[in-house]
1. What's the FRET efficiency of L37 with Q203 using the Cβ-Cβ distance as r and R₀ = 51 Å, to the nearest 0.05?
2. Once ligands and nucleic acids are excluded and a 1.4 Å probe is used, how much of W182 is accessible, expressed in Å² to the nearest 10?
3. Given 20 °C and 1.002 mPa s, compute D for the range 76-119 with the Stokes-Einstein relation, Rh being the Kirkwood radius over Cα pairs; round to the nearest whole µm²/s.
4. Give me the distance in nm between label points sitting 7 Å out from Cα along the Cα-to-Cβ direction at R245 and D296, one decimal.
5. Mind checking which of Y217, T261, A249 is farthest towards the positive end of the range 185-266's charge dipole, using Cβ charges of +1 (Lys, Arg) and -1 (Asp, Glu) about the Cα centre?
6. For D308 and E59 in the same chain, what is the full-extension length gain: residue separation times 0.36 nm, less their Cα-Cα distance, in nm?
7. Quote to one decimal, in nm, the extra length available between E174 and K25 on full extension: 0.36 nm per residue of separation minus the C-alpha distance between them.
8. Label-point separation (nm) for E333 and F48, each offset 7 Å from Cα along Cα-to-Cβ?
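The values are calculated or read from the model by the stated rules, or taken from the named source; none is laboratory data. Not measured: the values here are computed from a predicted model. When we count neighbours, we look across all protein chains shown, and the Cβ atoms used for this are built from the backbone with ideal geometry, even at glycine. Quick note on the areas: whole protein, heavy atoms, side chains included, nothing else; ligands and nucleic acids left out. Shrake-Rupley method; radii C 1.70, N 1.55, O 1.52, S 1.80 Å.
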Amino acid sequence: MFRLTRGLRAAAKAGSWSQTLHLPKSTFPARPSTEELLKYRKSCADDFYAWQKEHRPVENEQGERNTFTLHDGPPYANGPVHVGHALNKINKDIILRTYAKRGFRVQYRPGWDCHGLPIELKALQAHQQSNLDKESKSLVDDPKQEASVAHGAGLSPLAIREAAKQLATKTISEQMDAFRSWGVMGEWDAPYKTMDPDFEIKQLQVFRDMVAKGLIYRQNKPVHWSPSSGTALAEAELEYDEDHRVVAAFVKFPLLKLPPTLAEHSAVKADSVSALIWTTTPWTLPANKAIAVRSDMEYVLLEVTGNDLPNDLRGQMIVAKDRVESLQTHLPEGATIKILVDKFSGSDLESTEYINVISAEHNKIIHADFVTATSGTGLVHIAPGHGMDDYNVCMKLGIGPAFAPVDDHGKYTTKLSLQILPTSRVSLSRRKVQKPSLLCSGTLTPSSPYPRSRPTRPWSSRRITSDTRTLLIGEQSSLSSRELLINGSPTSEVFKNRL
C-alpha cells in the first residue's frame with residue numbers, strides 16, 4: 001500500500017511541492033536578457049577576434065608561420081539568409097575557433113558576391129513593384145515573374161546596374177546583421193564586396209597580367225543559354241525537368257566507304273549501308289561533326305526488310321549488338337531484322353567516313369568513352385557546338401570548330417546550311433545515297449535541363465546549349481584552333497589604357 005513520506009505530507013499541507021525537490025541553488029539566470037546577450041556575444045566574437053589578432057604573433061618562436069587565414073567563398077547578395085547560410089558560416093566559425101584554441105592567429109575577412117543574374121532579376125522585380133525598400137524576402141523566385149522582367153523592364157544597362165547595386169547594398173546589411181547575431185567572428189568592419197571599385201580594379205589587373213602571359217584566349221565553346229533571360233547559365237543554375245517531352249529520332253547516315261571488316265562480306269551492299277544514330281535533340285543534327293562509337297563494344301550489321309515498307313525504313317544499318325532487340329520494338333508491324341554480320345568491334349569503324357544527309361558534309365566515325373549500349377543504338381550523334389562532352393572529344397581530335405547555328409532566341413540563324421539530299425538517288429564522290437534517311441521517330445520523357453533560379457524551381461523557358469565566343473584560361477596551343485590574346489594585341493591595349 002502506498003504511503004506518503006513525512007516530507008510529502010508537509011509539502012501537501014504547505015501547498016508547495018518544490019520543497020520536495022533537492023536542487024542546487026544558483027543566482028545564474030535561466031536565460032540571458034537582451035542586454036546580456038549582446039554583451040557576451042560581442043565579448044566572445046568581436047572582442048575575442050580583435051584581441052587574438054593584436055596579441056597573437058604572426059610567427060611562432062621557431063620562426064614558423066603562426067597565422068591561419070580562412071578565405072571566404074562569398075554568398076550572393078540577393079536575399080535573406082537561410083539554413084544554407086547558417087551551415088556555411090557556423091562551420092567556418094568552428095574552424096576558426098579550433099585554430100585559435102591551438103594558439104594560431106586567425107584571420108577571416110567575410111565577403112559578398114554582388115554580380116550575377118539572380119541579383120539583377122531580384123532588382124528588376126523590385127523596380128517593377130516600385131518599392132526597393134520592400135523586404136527582400138518578399139521577392140520570391142516566381143518563374144513567370146522572373147521571365148517577365150528578364151529583359152530589363154525597359155531600363156538601360158546603367159539603370160539595371162544601379163538598381164542591382166541598391167539591392168545588393170541593402171541585402172549585405174541584412175545578411176551581415178544575421179551572421180553577427182550567430183556569434184560568427186571576423187572582420188565585419190571591412191568586408192570585401194565584388195562591386196567595390198577597388199576590388200574590380202584588382203580583378204582587371206590580374207586579368208591584364210594573365211593576358212600578358214598568354215594565358216587568355218578566345219574560342220568558341222558550348223554554353224548553357226536561357227533564351228528568355230538572354231544570358232549564359234552556369235551548371236548550378238540548371239534543373240532537370242522530368243516531365244518535359246521531346247521528339248526522339250533514329251536517323252541513318254550513309255557510309256561513303258565500307259570498313260574492311262564489312263567489305264569482305266558478300267551480303268553487304270556498299271550503296272545501302274548506313275550508321276544508325278538515335279538522338280533526343282534532332283534540332284542539333286545540322287551541327288553534326290562526327291559519329292561516336294566505343295572501340296571495345298560489339299556491333300552488328302543488320303538489314304530491315306518487310307512488305308510495303310517505305311524507303312526510309314529499309315536498308316542495311318550498323319547498330320550495337322545489345323541494342324538490336326530494342327530497335328525492333330520501334331519498327332512498325334511487318335518489319336523484320338536480319339543480321340548480316342553478327343560481330344565486329346567499334347574500333348573497326350573508326351575513321352570511316354559518312355555523309356550528313358542534312359548538311360551534305362563528309363565526317364568521320366570516332367571513339368568516345370561516354371558511348372554505352374544502355375540506350376539508343378550505340379552510335380552517338382556528335383555536335384560539338386551543342387554539348388560539352390561532344391566539344392571535349394572533338395577538340396582532342398582536332399575536329400571543329402564548334403558550330404551551332406542558333407541565335408539568342410533559340411532560332412536557327414542564316415549560318416544554317418540545309419542541303420537535304422533529294423529522294424531520288426544522287427551521285428556523290430564515291431557512292432550513291434538514297435534519301436530520306438529518317439528511320440522512325442517518337443516522343444519520350446528524358447531528363448532535360450531547364451534553367452533555374454533556385455534548386456527547387458525552374459524558370460519558365462527551356463535552356464539551349466549553343467556555341468559562344470568565350471574568353472578562356474589555359475595553356476597556349478595552336479593558333480588554328482585558338483585566338484590568343486597576347487601583349488600588344490588590341491585587347492591588351494584596352495586594358496593598359498584603362499589601368
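1. Values: r = 39 Å, r/R0 = 0.77.
Efficiency computed from Cβ-Cβ geometry: 0.85.
2. 90 Å²
3. Working: Rh = 12.3 Å.
Rounded to a whole number, D works out at 174 µm²/s.
4. Modelled inter-label distance: 4.0 nm.
5. Of Y217, T261, A249, it is T261.
6. Fully extending the segment from D308 to E59 adds 80.9 nm.
7. On the way: separation 149, 0.36 × 149 = 53.64 nm, distance 4.09 nm.
Going from the current span to full extension adds 49.6 nm.
8. Using points 7 Å along Cα→Cβ, the separation is 7.8 nm.
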